[in-house]
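Beneath this line is the structure, given in structure tokens, with notes to follow.
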Amino acid sequence: MRGAILVLSGPSGSGKSTLIKEMVKDIGPYYFSISTTTREPREGETHGVDYFFVDKEEFKDDIQEELFLEYALVHGNYYGTSLKPVESALAEGKLVIFDIDVQGHESIKNRLPDITTSVFITTPTFEVLKERLSARKTDSEAIINKRLEMAKVEIQRIGEFDFIIVNDVLEESIKEIKAVAHTSKLKKAPASIDAFKTLWQGM
């Protein structure tokens, strides 16, 4: 059977990266989708590992050639997901994990609804998010304010997701995200189900 898709969204600073790091230790074969972006690399980020970093002209060319599963303009920069590695991972039966914004979630769920499970990860309150973003010391005050305004928009779409994790107590959130990941692997598209029925009957 083909693999499945797990989409993780939520405000920057909600702890997605930490939860993903713990989750992948215990979920079997997976492919973490690496986004392509036009923003500049942050300190410590590596091309081809954290993101594929390209200029806006190249990104727009790929949009015209329909080479993205989804893409969005966020904080003045483009982010997108190349289709080829995703299809390859699904064919190998892997769980494909996305860490994307709410716009990307909508695009993927519209395109591949039968195999997509989604989770919205958030802090308990807006104030907690503000404290976490400031504590990271990776962004300017202007960028932090942009992220906070975006968070207010994102939280309005929380009802579009299958699951919600309020990342307050880290140990509990890790247990929850692992449970969702294992459940998402059981979701199969009709074509895969039909193929399994045929195989099961020895036809």
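The values are calculated or read from the model by the stated rules, or taken from the named source; none is laboratory data. Just so you know, these numbers come straight off a predicted model, no measurement behind them. Neighbour counts run over all protein chains shown; Cβ positions are idealised from the backbone, glycine included.
Suppose we keep only residues that are among the aliphatic types (A, V, I, L, M) and more than 18 Å from SER173 (Cβ to Cβ) within region 134-148. Which one would you say is surrounded by the fewest Cβ atoms within 10 Å (Cβ to Cβ)? Steps first, please.
Applying the first criterion (among the aliphatic types (A, V, I, L, M)) to region 134-148 yields 135, 142-144, 148.
From the residues that got through so far, the ones that are more than 18 Å from SER173 (Cβ to Cβ) too are 142-144, 148.
Values: ALA142: 8, ILE143: 13, ILE144: 18, LEU148: 17.
In this case the residue turns out to be ALA142.
Within the option set GLU40, GLU65, being farther than 25 Å from SER14 by Cα and among the acidic types (Asp, Glu) holds for one residue only, GLU65. β-branched (Val, Ile, Thr) and modelled with pLDDT of 95 or more, is that true of ILE143? Against the criterion (β-branched (Val, Ile, Thr) and modelled with pLDDT of 95 or more), ILE143 does not qualify. In this structure, does VAL119 turn out to be touching a residue at least 40 places away in the same chain (Cβ under 8 Å), under 23 Å from HIS182 (Cα atoms) and assigned to a strand (DSSP E or B)? So VAL119 fits the description; yes.
Listed by first and then second residue, the pairs with beta-carbon distance under 9 Å, at least 6 apart or on different chains, first residue in region 186-200 and without any contact (Cβ under 8 Å) to a residue 60 or more places away in the chain and basic (Lys, Arg), second assigned to a loop (DSSP other than H, G, I, E, B) and loosely packed, with under 10 Cβ neighbours inside 10 Å, are LYS197/MET203. Residue-level check: of (1) within 28 Å of SER134 (Cα to Cα); (2) at pLDDT below 90, GLU70 misses just (1). The listed residues are THR81, THR37, THR138, and the only one of them that is farther than 24 Å from ILE5 by Cα and β-branched (Val, Ile, Thr) turns out to be THR138.
If only one of THR122, THR46 is over 26 Å from LYS187 (Cα atoms) and β-branched (Val, Ile, Thr), which one is it?
On the way: THR122 fails: over 26 Å from LYS187 (Cα atoms).
Step by step, each of THR122, THR46 is checked, and only THR46 is over 26 Å from LYS187 (Cα atoms) and β-branched (Val, Ile, Thr).
Looking only at residues in region 163-191 that are of a type in the set (Lys, Arg) and assigned to a helix (DSSP H, G or I), the one that is nearest to PRO113 (Cα to Cα) is LYS178. Looking at SER82, is it crowded, with 17+ Cβ neighbours inside 10 Å, under 13 Å from GLY10 (Cα atoms), out of contact with any Gly (no Cβ under 9 Å at 6 or more places or on another chain) and of a type in the set (S, T, N, Q)? Criteria not met by SER82. Within region 169-185, the set of residues being in contact (Cβ under 8 Å) with a residue 40 or more places away in the chain, surrounded by fewer than 18 Cβ atoms within 10 Å (Cβ to Cβ) and over 17 Å from LEU95 (Cα atoms) comprises just one member, LEU170.
Whenever a residue of region 132-158 is farther than 13 Å from GLY10 by Cβ, its partners that are among the small types (Gly, Ala, Ser) and part of a helix (DSSP H, G or I), lying with C-beta atoms within less than 8 angstrom and at least six residues away or across chains, give the pairs ILE144/SER134. The set of residues in region 115-125 that are over 14 Å from the mean Cα position of the chain (by Cα), surrounded by 14 or more Cβ atoms within 10 Å (Cβ to Cβ) and not β-branched (Val, Ile, Thr) is empty. In this structure, GLY28 does not qualify as on the phi > 0 side of the Ramachandran plot and free of Cβ contacts under 8 Å to residues at least 12 places away in the same chain.
Among the residues of region 74-107, those that are over 17 Å from THR37 (Cβ atoms) and of a type in the set (Asp, Glu) comprise GLU87, GLU92, GLU106.
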